[in-house]
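The values are calculated or read from the model by the stated rules, or taken from the named source; none is laboratory data. This is a predicted model, so every value here is computed, not measured. Please note: Cβ atoms are built from the backbone with ideal geometry, for glycine as well, and neighbour counts cover all protein chains shown. Only protein heavy atoms, including side chains, enter the accessible area calculation; ligands, DNA and RNA are left aside. Shrake-Rupley method; radii C 1.70, N 1.55, O 1.52, S 1.80 Å.
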Amino acid sequence: MGADSTVSRIAYVNGRYCRHREASVHVEDRGYQFADGVYEVCEVRGGALIDERLHVERLQRSLAELKMRMPMTTAALSVVLHETVRRNRVRNGIVYLQVTRGVARRDHAFPAPETIPSLVVTARSLDVAANERQAADGIAVITVPDNRWGRVDIKSVALLPNVLAKQAAREQGAKEAWFVDAGGVVTEGSSTNAWIVTADGTVVTRPADHAILRGITRTVLLKAIAEQGLRLDERPFSVEEAYGAREAFVTSASQIVMPVVRIDGRPVGNGHPGSVATGLREAFHRYAEIS
Ligand code: PLP
């Protein structure tokens, strides 16, 4: 399983690189107490970071929305991200970063302004061959009611509804759960953005408002779709429309473009990954930034 089994993993925790199994934060870290923190997941490919600039920009936005500070400059953060990848010898995988409002006596209101934000960075390898096999087969998704708060555009570590949704999917033999709002409209997956392709070949994904996370993979894929001359309709779509779609897929930094072949047990299209999703998966990295 990649480098994990051969290299002892290293985590970056508040200024130190330490052994992953010993890496820990204080019991009164506000991330632990209140989920008062944000995170990012960036793909690592060939040892390089994919779309780091966009991920760091989204991190800055998430922090600003929650009135939190960057723990260090973007230049210093870039060094820590690359160094964590290097020390863990990750060629293909992900780098994870989490910033919280820091350590303070437990009290709901913000701590003193001089409280130092916490920063944790980890990296791990992913099994590329297994991901490719999964993309060749496609995945099943289930739908669940969207019971999240109103600011899921912030990449907060408060993920309990997402955890429960993913677990429900797993228990039903599916890989992802799509959240559906009270009007029967698909918002997004528990850790992915949701897309369909209509009978006439138009790619559809809902606009990035406060009801979804503006995925970086989504942003880059919109560019790929435009440059490839595919038709795009950025609009909400219902579960019913998804059932009847020609193709469906999900996007995220760790899965890139992953075809969906079943929704709530019903086959999508002919029940196999579609050519649009497969083509976009192949094309994706031509549109991504490497650092
Ligand atoms: N939506 C949610 C709820 C997510 O958690 C994620 C990724 O973790 C995404 C969408 C996809 O975002 P990205 O493409 O930046 O990985």
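On the accessible surface of the chain, probed at 1.4 Å, how many percent belong to carbon and sulfur atoms?
Working: 7210 of 13880 Å².
Summing carbon and sulfur atoms, their accessible area is 52 percent of the total for the chain.
Report Arg61's accessible area, 1.4 Å probe, all protein chains in place, as a number in Å² to the nearest 10.
That residue has around 100 Å² of solvent-accessible surface.
Is the shape of segment 46-155 best called rounded, prolate or oblate, per the rule: a/c under 1.5 gives rounded, else a/b larger than b/c gives prolate, else oblate, with a ≥ b ≥ c the square roots of the Cα gyration tensor eigenvalues? Intermediate values should be presented prior to the final figure.
Numbers: a/c = 2.45, a/b = 1.33, b/c = 1.84.
Oblate.
What is segment 92-153 by shape, rounded, prolate or oblate, if you read a ≥ b ≥ c off the alpha carbon gyration tensor as root eigenvalues and call it rounded for a/c under 1.5, prolate for a/b larger than b/c, and oblate otherwise? Walk me through the intermediate numbers first.
On the way: a/c = 5.03, a/b = 1.71, b/c = 2.93.
Since a/c reaches 1.5 but b/c is at least a/b, the shape of segment 92-153 is classed as oblate.
By its C-alpha gyration tensor, with a ≥ b ≥ c as the square roots of the eigenvalues, how is segment 171-291 shaped: rounded for a/c under 1.5, else prolate for a/b larger than b/c, else oblate?
Numbers: a/c = 1.42, a/b = 1.29, b/c = 1.10.
Note, shape of segment 171-291 comes out rounded.
As an exercise, use a Förster radius of 51 Å and the Cβ-Cβ distance of Arg21 and Val239 to find the FRET efficiency, rounded to the nearest 0.05.
Working: r = 43 Å, r/R0 = 0.84.
Taking R0 as 51 Å, the efficiency between Arg21 and Val239 is 0.75.
Hand me the tally of lysine pairs in the chain: alpha carbons under 23 angstrom apart, and the pair either on different chains or 8 or more positions apart. Intermediate results must be reported in sequence, preceding the final value.
Details: Lys67/Lys155; Lys155/Lys166; Lys155/Lys175; Lys155/Lys223; Lys166/Lys175.
So the count works out to 5.
Tell me, what is the per residue accessible area of segment 154-275 in Å², probe radius 1.4 Å? Can you show the working numbers first?
On the way: 5060 Å² over 122 residues.
Roughly 41 Å² per residue, with all protein chains present.
If each of Phe110 and Glu171 carries a label point 7 Å out from its Cα toward its Cβ, how far apart are those two points in nm?
It works out to 3.9 nm between the two label points.
Place a label point 7 angstrom from the Cα of Leu230 along the Cα-to-Cβ direction, then list the residues of segment 252-280 whose backbone nitrogen is under 19 Å away.
252-263, 268-280
Round to the nearest 0.05 the FRET efficiency obtained for Phe34 and Glu65 when R0 = 22 Å and r is the Cβ-Cβ distance.
Details: r = 16 Å, r/R0 = 0.71.
Computed FRET efficiency for Phe34 and Glu65 comes out at 0.90.
So what are the radius of gyration and Dmax for the Cα set of the chain, in Å?
19.2, 58
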